[in-house]
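Colleague: Input: one structure, supplied below.
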Amino acid sequence: MQSGKKLKALFYVFIAVVMFVSLSGHMNILPVSYFSPAAITIDQEEEVIYVVENAVNKVEAYKLGKGESKGAIKTKLPPKDAVVAGKSLLIACSYSEGVLAVADKKKMKVKKEIAVGHGACAVTVSPDLTEAYVANQFSDDISIVNLKSAKEVARVPVLRQPKALDISKDGKYLYVANFLTSKRADVDTVCAEVSIIDIKARKKIKDIPLANGSNALRGIKTSADGKYVFISHNLGRFQVPTTQLEQGWMNTSALSVIDAEKMTCIATVLLDDPENGAAGSWGIECTDDHVYVAHSGTHDFSAIDYKKLIDKLNATENKEALSYDLRFLADLRTRVQVKGNGPRAIKSLGDKVFVASYFSDTLNIVDMNNPAMSHIKCIALNPEMKLDSVRLGEIYFNDATYCFQRWQSCNGCHPDEARTDGLNWDLLNDGMGNPKNCKSMLYAHPTAPAMISGIRPDAETAVRAGFRHIQFARVEESRAKAVDYYLMSLKAVPSPYLVKGKLSDKAEKGKKVFEKMQCGVCHVGEYFTDQKKHQIGEMGPYDHQNTWDTPTLLETWRTSPYLHDGRCATMKDVFVQEKHGIWSDLSEEEIDQLVEYVLSL
């Protein structure tokens with residue numbers, strides 16, 4: 001039996017590496033050739049728009065209006081974001097360890113690389129251009145970089161996975177969008193928060209919780225007048241069973257509004273229409289007149305009248321009810337369809353809006369005086385683009401147009417490369433009334449069975465069931481197979497707990513504790529799982545069973561909260577609060593060592 005499992009695991013690894021297997025008419029004999037524009041920034045003085053092309057390690061410059069390329073700045077690591085800073089272009093780059101690349105705009109060449117934190121993914125600059133601020137998603141902190149000395153001068157911890165940031169108009173505060181919740185999942189209120197950093201004091205001064213269920217915070221932007229901060233995010237309705245999609249029963253797309261002076265969230269409004277979701281809300285742009293929000297899953301963007309929005313918010317007494325009101329924006333905004341697939345980055349200049357589509361490698365230029373499709377200019381950034389089956393699967397995974405009423409894609413519960421949203425969900429595959437924490441889909445295929453309850457025999461079955469029962473859609477087998485290939489291609493990101501790619505001294509000691517406690521009986525092999533179900537302690541109040549699938553320990557540093565119902569906010573809670581196989585007394589030091597080792601995998 002074990003040999004059969006090993007053969008199956010080897011087969012999946014082989015498939016993920018080879019990438020040129022025939023797939024229902026899509027032949028994977030073509031080289032990967034996509035750009036994946038992840039961000040854009042505009043240089044008004046030079047009349048240039050810079051497009052951050054993540055998949056090919058370059059930032060390309062295009063002339064505004066004409067759309068002609070002026071050349072590209074190449075980076076060693078994948079670029080994630082960029083901002084203009086005088087004569088320089090600042091580029092946040094990372095795979096695991098991150099750098100801030102400082103490029104000479106005239107020479108189109110990186111002149112300095114400044115080490116920052118793990119997972120550097122967003123960057124902004126002070127009004128006087130003396131400091132840069134970099135969001136480090138995987139080390140959960142913000143780097144403050146002195147641009148004159150080209151050194152990181154401070155590191156400010158935030159909550160969990162800072163994904164986007166913006167600076168107040170007076171330059172005093174930094175607003176940070178934490179991608180996921182940082183607390184346990186088995187409580188009534190679970191939400192991600194916005195952290196505020198006092199830049200002069202170099203410290204976080206406040207965390208602002210958003211509406212219950214808020215997760216996947218992707219965009220944050222200060223209004224043009226500096227009075228408000230807008231955040232785009234998903235809003236998971238995790239309190240109810242996943243029995244229907246209508247009216248945003250499972251997931252909705254939201255725009256939260258923070259009062260900059262009071263530093264409080266005053267409202268969360270929905271970006272969806274009553275029968276037309278706006279899934280995958282991503283980048284935000286603010287002008288004097290509008291708030292623009294890109295909808296990656298539905299291939300359009302919202303143009304919201306800023307003054308009317310604020311007036312209507314001020315006139316609304318029960319603002320808490322707005323997170324359920326699908327008609328609030330009806331007379332305030334226009335949804336504009338773009339050409340291409342996966343609009344994520346959005347910027348504006350004058351009466352033009354620029355939207356970069358991640359999966360189609362296109363840049364839309366929309367004239368907001370008349371935003372009809374005939375008035376959209378679409379620039380093919382990569383006219384020779386060819387898609388392999390893995391890329392097709394990634395597209396299907398993120399595309400909400402296959403879902404009933406376009407409410408969500410697979411990305412809705414598995415954001416950021418098929419990982420986890422940190423919420424508990426009551427799925428129907430194992431009965432109602434027993435919510436369980438969302439699992440990362442990393443290595444789901446070679447570690448069957450699937451789901452934390454092991455209810456699905458393998459990940460292939462789970463993928464197809466997800467389309468049927470979560471998106472209420474039937475997709476062709478070729479699409480489901482493409483999603484399989486995409487998921488099988490995923491690789492664990494090296495842990496931020498590693499030191500130069502190796503276990504720290506503390507983690508090495510933790511490995512010995514791991515062996516002493518015989519953790520390897522269940523967490524064994526390449527994926528640290530025996531692929532069996534085990535009893536792991538006391539049943540929770542909503543559990544229908546008390547045996548659970550053994551998950552992989554790879555990338556556990558990224559997938560809190562822990563255990564089947566998310567009852568443990570941290571890995572230390574797993575060993576202290578729940579014991580989890582700890583059969584003898586361990587010292588505080590030994591527990592910390594064990595935690596360090598597991599989080600290093």
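Read the figures in this text as sums done on the coordinates, not as results from a lab. These numbers come from a predicted model, not from an experiment. For neighbour counting, all protein chains shown are included, and Cβ atoms are generated from backbone atoms with ideal geometry for every residue, glycine included.
Colleague: What percent do you get for the relative contact order of region 505-598 when only Cα pairs under 8 Å and 6+ apart count?
Modeller: Values: 121 pairs, mean separation 35.9, N = 94.
Reported relative contact order: 38 percent.
Colleague: Could you name the aspartates and glutamates whose alpha carbon sits less than 17 Å from that of residue 76, not counting residues in the same chain fewer than 8 places away?
Modeller: Reachable aspartates and glutamates: 53, 60, 97, 104, 113.
Colleague: Which Cα, out of 88, 235, 435, lies furthest along the positive dipole direction of the chain (beta carbon charges, K/R +1, D/E -1)?
Modeller: Toward the positive end, the furthest listed residue is 88.
Colleague: Taking Cα pairs under 8 Å and at least six residues apart, what relative contact order does region 375-528 come out at, in percent?
Modeller: Numbers: 168 pairs, mean separation 35.1, N = 154.
23 percent.
Colleague: Could you list the residues of region 330-349 with an amide nitrogen less than 19 Å from a label point located 7 Å from the Cα of residue 315 in the Cα-to-C-beta direction?
Modeller: Inside the label zone: 330-334.
Colleague: What dipole magnitude, in Debye to the nearest 20, does region 505-598 give about its Cα centre under +1 on Lys/Arg Cβ and -1 on Asp/Glu Cβ?
Modeller: 180
Colleague: If R₀ is 35 angstrom, what is the calculated FRET efficiency for the pair residue 583 and residue 155, using the beta carbon separation as r and rounding to 0.05? Walk me through the numbers before you get to the answer.
Modeller: Details: r = 38 Å, r/R0 = 1.09.
Result of the calculation: an efficiency of 0.40.
Colleague: Before rounding to the nearest 500, sum -39500 (n - 2.57) across all DSSP H runs of length at least 4 in the chain and divide by the residue total; then give [θ] at 222 nm in deg cm²/dmol. Numbers along the way, then the final one.
Modeller: On the way: 9 runs with 94 residues, N = 601.
Result for the chain, helices only: -4500 deg cm²/dmol.
Colleague: Return the FRET efficiency for the residue pair residue 505, residue 374: r is the Cβ-Cβ distance, R0 is 51 Å, and the value is rounded to the nearest 0.05. Display every interim value, and only then the final one.
Modeller: Values: r = 64 Å, r/R0 = 1.26.
Efficiency, rounded to the nearest 0.05: 0.20.
Colleague: State, as an integer percentage, the relative contact order of the chain based on alpha-carbon contacts under 8 Å between residues 6 or more apart.
Modeller: On the way: 1543 pairs, mean separation 61.9, N = 601.
Rounded, it is 10 percent for the chain.
Colleague: Then there is this: List every residue whose amide H lies under 5 Å from the amide H of residue 184, counting only residues 5 or more places away in sequence or on a different chain, with H placed 1.01 Å from N in the peptide plane.
Modeller: 569
Colleague: Could I ask something else about it? Can you give me the long-range amide H partners of residue 48? Hydrogens built in the peptide plane at 1.01 Å from N, cutoff under 5 Å, separation of 5 or more residues or another chain.
Modeller: 43, 64
Colleague: Follow-up question, since we're still on this one. What list of ³J(HN,Hα) couplings, whole Hz, do you get for region 34-46 from phi and the Karplus terms 6.51, -1.76, 1.60, once you set θ to phi - 60° and write x for glycine and proline?
Modeller: Rounded to whole hertz, the list is 9, 9, 6, x, 9, 7, 9, 9, 10, 9, 5, 5, 8.
Colleague: Report the charge-dipole magnitude of region 158-342 in Debye, nearest 20, computed about the Cα centre from +1 at each Lys and Arg Cβ and -1 at each Asp and Glu Cβ.
Modeller: On the way: 24 positive and 24 negative charges, 165 e Å.
Dipole magnitude for region 158-342 comes out near 800 debye.
Colleague: Right, next: Calculate one ³J(HN,Hα) per residue across region 391-406 by plugging θ = phi - 60° into the Karplus curve 6.51 cos²θ - 1.76 cosθ + 1.60, and present them in order as whole Hz with x for glycine and proline.
Modeller: Here the 3J(HN,Hα) series is 5, 4, x, 5, 4, 4, 5, 9, 8, 8, 6, 7, 7, 4, 6, 6 Hz.
Colleague: Label residue 57 and residue 126 with points 7 Å out from Cα along Cα→Cβ: what is the distance between them in nm?
Modeller: 3.2
Colleague: Cα-Cα over 19 Å: which of 516/579; 319/347; 80/163; 308/339; 439/533; 204/262? Walk me through the numbers before you get to the answer.
Modeller: Details: 516/579 15 Å; 319/347 29 Å; 80/163 10 Å; 308/339 28 Å; 439/533 15 Å; 204/262 16 Å.
Correct reply: 319/347; 308/339.
Colleague: Tell me the Kirkwood radius of region 158-342: reciprocal of the mean inverse pair distance over distinct alpha-carbon atoms, in Å. Please list the in-between numbers first.
Modeller: On the way: mean 1/r = 0.0605 Å⁻¹.
Computed over region 158-342, the radius equals 16.5 Å.
Colleague: Taking amide H positions as placed 1.01 Å from N in the peptide plane, with prolines and chain starts having none, which residues 5 or more places from residue 565, or on another chain, fall under 5 Å of its amide H?
Modeller: 437
Colleague: Charges only on Cβ, +1 for Lys and Arg, -1 for Asp and Glu: so what's the dipole of the chain about the Cα centre, in debye to the nearest 20? If you can, show how the numbers build up before the last one.
Modeller: Working: 74 positive and 75 negative charges, 303 e Å.
With Lys and Arg at +1 and Asp and Glu at -1, about 1460 debye.
Colleague: If R₀ is 45 angstrom, what is the calculated FRET efficiency for the pair residue 402 and residue 261, using the beta carbon separation as r and rounding to 0.05? Provide the component values of the computation, followed by the final result.
Modeller: Details: r = 43 Å, r/R0 = 0.96.
Calculated value: 0.55.
Colleague: Still on this structure, I have one more. Relative to the longest principal Cα axis of the chain, at what angle does helix 477-489 sit, 0 to 90 degrees, rounded to 10?
Modeller: 80
Colleague: Could you give me the ³J(HN,Hα) list for region 300-308, computed from phi with Karplus coefficients 6.51, -1.76, 1.60 and θ = phi - 60°, whole Hz, x at Gly and Pro?
Modeller: With coefficients 6.51, -1.76 and 1.60, one gets 8, 9, 9, 10, 9, 5, 5, 5, 5 Hz.
Colleague: Among the aspartates and glutamates, which have Cα under 15 Å from the Cα of residue 491 when same-chain residues fewer than 8 positions away are ignored?
Modeller: Counting by Cα, and skipping residues close in sequence, residue 491 has these aspartates and glutamates nearby: 394, 416, 417, 526, 555.
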